[in-house]
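Note sheet for the following structure.
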Amino acid sequence: MHPSNPKVLPDSLSRRGLFRALGGARQVEAIRPPWSLPERLFVTACTGCGDCTRACPQGILTLNAGYPETSFANAGCDGCGECATACTDEALDRATQPAWRHTIAIGAACLAEQGIVCRVCAEHCDASAIRFRLAVGGRGGPILNIAACTACGACVGPCPSNAITIITA
C-alpha cells in the first residue's frame, strides 16, 4: 500500500475486495425480479410474501423494505423463471413483461480501459455481449453489444474494479 494512503486493508481481501474497498460502494435503484410489472403496479400487486425469493435457485433475490430486489453481487440470473412461477400475487408475469427493465454500462474504472489485462466480465457473459477489441499487448478495451445483452447481471459481481453498473429504464 502506498505510504500516503491512510486506508489500512486486511491481507485477507481478494483482488476484487481490494478494488471495491478503494473505489467505494455504488448505489443503484432497486432492481426488481425478472418479469416484474412496472414499479407502480409492482408495489401494488406484490404482498412481500417472499415466495419468489425462496424459489430463486441462484439466490439473487432478497426482501428489502418488504419487496423483492435483485442483487448481482454473487451471481447472475439464468432465466429459469422459478421466481415468476412461485409468484401467486401476479407481480411477476412472464407472458406480458420483459425479463428485465435495465441494462449494463461499463465505466472508466474498467481495468482493461486502464491498460491492465482483465477480461473477467467477458468470461462470465454467456451471451457473448461483452467482447474485447484487439490491441497490441492484448490489453484491448471492452465492447458491449447492448442488443445481445440479456441483462442477467453475471458480469457485475466478478468485476474487480466495480466498473459495471446497472442502468434502469
- Message: If Ala65 satisfies all but one of (1) modelled with pLDDT under 95; (2) within 22 Å of Val156 (Cα to Cα), what's the number of the condition it fails?
- Response: (2)
- Can you pull out the residues in the range 126-169 that are of a type in the set (D, E, K, R) and touching a helix residue (DSSP H, G or I) at 6+ places or on another chain (Cβ under 8 Å)? Arg131, Arg139
- Task: With respect to Pro33, determine if the residue is touching a helix residue (DSSP H, G or I) at 6+ places or on another chain (Cβ under 9 Å), in a loop (DSSP other than H, G, I, E, B), surrounded by fewer than 15 Cβ atoms within 10 Å (Cβ to Cβ) and modelled with pLDDT of 95 or more.
- Result: no
- Of all residues making up the range 124-149, the number that are modelled with pLDDT of 95 or more and of a type in the set (Val, Ile, Thr): 1
- Item | Condition broken by Cys121, with the remaining ones in (1) more than 12 Å from the chain's Cα centre (by Cα); (2) at pLDDT 95 or above; (3) in the same structural domain as Ala151 (by TED's automatic domain parsing) satisfied | (1)
- Task: Could you please let me know if Gly48 is part of a loop (DSSP other than H, G, I, E, B), out of contact with any Leu (no Cβ under 7 Å at 6 or more places or on another chain) and either at pLDDT 95 or above or not acidic (Asp, Glu) (or both)?
- Result: no
- What pairs can you find where one residue is in the range 49-71 and under 17 Å from Ala30 (Cβ atoms), the other is of a type in the set (Phe, Trp, Tyr) and assigned to a helix (DSSP H, G or I), and their Cβ atoms are less than 8 Å apart, with a gap of 6+ or different chains? Tyr67/Phe42
- Task: Go over the candidates Cys152, Cys52, Cys46, Cys56 one by one and state the one that is surrounded by 17 or more Cβ atoms within 10 Å (Cβ to Cβ) and under 19 Å from Ala163 (Cβ atoms).
- Result: Cys152
- Task: Having 2 or more residues that are touching a residue at least 24 places away in the same chain (Cβ under 8 Å) and out of contact with any Ser or Thr (no Cβ under 7 Å at 6 or more places or on another chain) is the bar; report the strands (runs of 3 or more DSSP E) wholly within the range 96-156 that clear it.
- Result: 102-106, 142-144
- Message: So in the range 59-86, with the set limited to residues that are assigned to a loop (DSSP other than H, G, I, E, B) and more than 19 Å from the chain's Cα centre (by Cα), which one is nearest to Pro160 (Cα to Cα)?
- Response: Ala65
- Provide a single number: the residues in the range 94-151 that are in contact with a His (Cβ under 8 Å, 6 or more places away or on another chain) and among the basic types (Lys, Arg). 0
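The values are calculated or read from the model by the stated rules, or taken from the named source; none is laboratory data. In this text, all values refer to a predicted model and were calculated from it rather than measured experimentally. Cβ sites come from the backbone with ideal geometry, for glycine too, and all protein chains shown count toward neighbours.
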